[in-house]
Amino acid sequence: MFKYIENECTDDFLRIKNIFSVNSIKLILLQAENTLLFSELYTYLLTQKISIILISSEVKSSEIKNLIINFKPDLCILKSFQEIKNQIDDYICLYEKQYCVYERKEFILDEILIPCLLLSTSGSTGSKKFVRISYENLEANTKSIINYLSIKSTDITITNLPLHYSFGLSVLNTHLYSGAKVIFTNHSVIQKEFWDLVKEHRVTNLFGVPYTFEILDKIRFFRMDLPNIRLIAQAGGKLNILLQDKYVDFCSQKGIEYYTMYGQTEATARMSYVPPIMSLVKKGSIGIPIPDGRFELRDASNQIVNDAETVGELVYCGPNVSLGYASTRRDLYNPDENSGVLYTGDLAKFDNEGYYYIVGRKNRFLKLYGNRISLEDLEDKLFNLGIEAVCGGVDDNLTTYITDFSKIEFVKKWLSKITLIHSSAFEVKFIQKIPRNISGKILYTELF
Amino acid sequence: MSNIGKIENIFRQEFNLDEKFDLKTLTYQSIPEWDSVGHMSLVASLEDEFNIEMEMDDIIDLSSYEVAVKTLVKYGVE
């Protein structure tokens with residue numbers, strides 16, 4: 001699927017590539033960053049059909065250590081390994097420069113059933129659960145996205161989303177696959193350097209999560225002179241409707257294609273999109289399934305919902321539905337557990353033209369600035385610290401009720417620290433007693 | 001309180017910094033709290049405090065505490 005041409009690669013990449021032999025390697029732990037070197041490593045490993053665990057460059061060393069224990073990767077290519085180096089005896093250092101390469105002293109003679117890419121379900125809470133995305137999943141979703149966005153070799157994009165994140169990675173995949181140009185930068189949209197690059201390289205395609213578009217609005221994006229932009233696409237959660245109006249209007253005036261997209265890591269990246277010509281009339285919709293995909297709604301008894309405007313759980317079927325989850329190396333011996341069908345956990349309805357709308361969530365997750373946060377997970381972690389807590393709220397604003405007044409400041413700081421998200425996303429409130437029903441189940445509807 | 005004191009306070013509050021922290025060394029992304037979310041929250045607080053609306057170029061150029069102080073002078077905050 002992906003190609004790499006050796007004499008077009010950087011020396012830094014070739015030095016790393018030449019120090020290990022791919023023959024004995026089945027599983028690699030790779031830390032992503034927005035650089036050309038990372039994209040070379042990633043593409044090269046893809047051509048070798050090796051399983052790759054992709055993690056953020058911000059993952060703490062204690063979590064990396066746990067991953068190494070659970071997955072026993074044959075090779076680790078990490079940004080820094082210093083802090084845990086002395087705690088892991090089973091590895092030898094092959095290389096130490098921009099990346100540190102560590103090889104397992106004794107390879108594990110096992111069989112990984114289906115080579116895959118392993119992506120974390122939540123970017124920042126350090127969840128140990130990874131989605132198993134097969135090479136076939138990756139290829140199917142990449143081709144489908146290229147198809148509906150019409151990505152061409154003349155397109156140019158810039159990495160403003162992290163590449164360990166399924167959405168960010170899908171932008172890289174689709175542009176590499178189409179032979180388009182990708183500008184690598186660690187600068188964010190609030191930095192002058194980012195916009196200098198956009199102008200200098202005549203970037204044509206911009207992608208973002210809702211928070212990106214909130215920032216763009218605040219930094220007066222609509223007054224910027226960016227004549228080369230041809231496509232703007234938003235995914236990673238629901239954008240505020242008023243803001244969406246602004247972008248749709250702006251883009252239709254400027255002749256820019258504006259896409260709203262919907263997806264989950266469990267579906268490799270994308271499941272549906274709103275075609276630009278429909279964006280004016282289908283505001284707030286997640287659109288129609290991507291090419292080769294199909295939606296169904298299931299009611300509480302798992303029967304298919306056939307009527308428009310009737311709520312059911314959104315179920316997606318397609319070749320990009322991942323194989324399942326993995327938290328240990330053993331999980332990679334498992335066959336495909338989903339068979340191309342994904343229960344999204346989102347509650348949705350469709351209108352009489354077949355456009356889908358998300359109305360709520362079946363599961364208890366919130367998105368904070370594009371990061372999916374499990375409320376259950378936070379409650380459990382707080383419980384382990386001896387704090388009784390109930391989490392809820394809306395996207396980008398998580399409210400936590402606690403029963404110990406003196407811990408309010410502590411919990412606020414702790415939430416920000418554990419999720420790596422700024423404390424303005426969290427509200428911590430005091431409550432005398434958490435409302436529960438007879439069986440002890442928390443009555444969330446009384447709190448949120 | 002002087003304006004410089006107000007700016008200092010906003011920075012310390014936004015990024016949970018105590019009195020000992022030397023703001024002169026503070027730059028964008030030099031601490032985990034000053035990320036893009038922290039940045040927009042900082043800009044909003046500064047705009048509210050001094051009742052100003054900053055231009056895009058100033059917002060994206062505001063890369064350190066010292067630059068912030070200089071930028072605010074442009075908006076009449078001295």
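Somewhere in segment A:35-57, is a residue among the charged types (D, E, K, R), modelled with pLDDT under 95, closer than 26 Å to residue A:188 by Cβ and part of a loop (DSSP other than H, G, I, E, B)? Working first, answer last.
In the first step, residues of segment A:35-57 are kept if they are among the charged types (D, E, K, R); the result is A:40, A:49.
Those still in the list that are modelled with pLDDT under 95 too: A:49.
Narrowing the set further to residues that are closer than 26 Å to residue A:188 by Cβ leaves none.
No: zero hits.
On the given criteria, is residue B:41 out of contact with any Gly (no Cβ under 9 Å at 6 or more places or on another chain), more than 9 Å from every other protein chain (Cβ to nearest Cβ), in contact (Cβ under 8 Å) with a residue 24 or more places away in the chain and of a type outside the set (Lys, Arg)? Walk me through it before giving the result.
On the way: out of contact with any Gly (no Cβ under 9 Å at 6 or more places or on another chain): yes; more than 9 Å from every other protein chain (Cβ to nearest Cβ): no; in contact (Cβ under 8 Å) with a residue 24 or more places away in the chain: yes; of a type outside the set (Lys, Arg): yes.
So residue B:41 fails the test.
Test of understanding: among A:342, A:368, which residue is under 22 Å from residue A:233 (Cβ atoms) and in contact (Cβ under 8 Å) with a residue 60 or more places away in the chain? Please lay out each step first, then the result.
Details: A:368 fails: in contact (Cβ under 8 Å) with a residue 60 or more places away in the chain.
Going through A:342, A:368 in turn, the sole match is A:342.
How many residues, within segment B:45-66, are within 8 Å of chain A (Cβ to nearest Cβ) and within 20 Å of residue A:369 (Cβ to Cβ)?
Going through segment B:45-66 one residue at a time, the tally reaches 2.
For segment A:380-402, which residues satisfy the criterion of being crowded, with 18+ Cβ neighbours inside 10 Å and without any contact (Cβ under 8 Å) to a residue 40 or more places away in the chain?
Residues satisfying the conditions are A:382, A:389, A:391, A:398, A:400, A:402.
Would you check if residue A:285 is crowded, with 16+ Cβ neighbours inside 10 Å and either among the small types (Gly, Ala, Ser) or within 14 Å of another protein chain (Cβ to nearest Cβ) (or both)? Break it down into steps so the answer makes sense when it comes.
Values: crowded, with 16+ Cβ neighbours inside 10 Å: yes; either among the small types (Gly, Ala, Ser) or within 14 Å of another protein chain (Cβ to nearest Cβ) (or both): yes.
Yes, satisfied.
Scan segment A:198-215 for residues that are under 25 Å from residue A:146 (Cα atoms) and buried (at least 18 other Cβ atoms within 10 Å of the Cβ) and jot them down. Steps first, answer last, please.
Filtering segment A:198-215 for residues under 25 Å from residue A:146 (Cα atoms) gives A:198-213.
Selection gives A:198, A:203, A:204, A:205, A:206, A:207, A:208, A:209, A:210, A:211, A:212, A:213.
Out of segment A:7-25, which residues are out of contact with any strand residue (DSSP E or B) (no Cβ under 8 Å at 6 or more places or on another chain), surrounded by 14 or more Cβ atoms within 10 Å (Cβ to Cβ) and assigned to a loop (DSSP other than H, G, I, E, B)?
A:9
Being within 13 Å of another protein chain (Cβ to nearest Cβ) and either part of a helix (DSSP H, G or I) or closer than 15 Å to residue B:68 by Cα (or both) is the filter here; which residues of segment B:13-24 pass it?
B:13, B:14, B:15
Restrict the check to segment A:217-238 and report whether at least one residue is more than 19 Å from residue A:285 (Cα to Cα), in contact (Cβ under 8 Å) with a residue 40 or more places away in the chain, assigned by TED's automatic domain parsing to the domain that holds residue A:290 and out of contact with any helix residue (DSSP H, G or I) (no Cβ under 9 Å at 6 or more places or on another chain). Outline the logic, then answer.
Restricting attention to segment A:217-238, the residues satisfying the condition of being more than 19 Å from residue A:285 (Cα to Cα) are A:217-230.
Remaining after also requiring in contact (Cβ under 8 Å) with a residue 40 or more places away in the chain: A:228, A:230.
Checking the rest, the ones that are also assigned by TED's automatic domain parsing to the domain that holds residue A:290 come to A:228, A:230.
Checking the rest, the ones that are also out of contact with any helix residue (DSSP H, G or I) (no Cβ under 9 Å at 6 or more places or on another chain) come to A:230.
Yes.
With respect to the numbered conditions (1) outside any loop (DSSP other than H, G, I, E, B); (2) farther than 23 Å from residue A:371 by Cβ, which one is the sole condition not fulfilled by residue A:280?
For residue A:280, the failing item is (1).
Which helices (runs of 4 or more DSSP H) does segment A:166-265 wholly contain that include 2 or more residues that are away from every other protein chain (no Cβ under 14 Å)? I'd like the intermediate steps shown before the answer.
Numbers: elements: A:166-177, A:192-200, A:210-218, A:241-254.
Counting at least 2 such residues, we get A:166-177, A:241-254.
List the residue pairs whose Cβ atoms are under 6 Å apart, where the first residue sits in segment A:430-448 and is modelled with pLDDT under 80, the second is loosely packed, with under 10 Cβ neighbours inside 10 Å, and the two are 6 or more positions apart or on different chains.
From segment A:430-448, the pairs are A:443/A:437.
The values are calculated or read from the model by the stated rules, or taken from the named source; none is laboratory data. The structure displayed is predicted, hence computed values, not measured ones. Positions of Cβ are backbone-derived with ideal geometry, glycine not excepted, and every protein chain shown enters the neighbour counts.
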